[in-house]
Amino acid sequence: MAFSEHQQLQPEDLLRFITQQQEQIIQLKEQVELLEAEIRRLKKLPAKPDIKPM
């Protein structure tokens, strides 16, 4: 969803846009994590430790 400078935005539109952006960020973070794991595997590095946040 692209917004032009002169377009009047409704709160619902902004919330929908923010939600879409948040979902995309989550997907991209998951993809980065998978790619980092693949790089570690290909370089024969130890796997990332499974440390849970406090």
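Each value in this text was obtained by applying a stated rule to the coordinates, not by laboratory testing. Predicted model only: the values in this text are computed from it and were never measured.
What lysines sit close enough to LYS52 to cross-link, taking a C-alpha to C-alpha distance under 23 Å and skipping anything fewer than 8 places away on the same chain? Excluding near neighbours in sequence, the set is LYS29.
Need the list of aspartates and glutamates near LYS43 for cross-linking: C-alpha distance under 16 angstrom, and skip anything on the same chain fewer than eight residues off. Output for LYS43: GLU33. Within the same chain, aspartates and glutamates fewer than 8 places from LYS44 are excluded, and of the rest, those with a Cα less than 16 Å from its Cα are GLU36. Once Cα extents along the principal axes in Å is calculated for the structure shown, the corresponding label among (1) 40, 17, 17; (2) 53, 28, 12; (3) 42, 15, 10 turns out to be (2).
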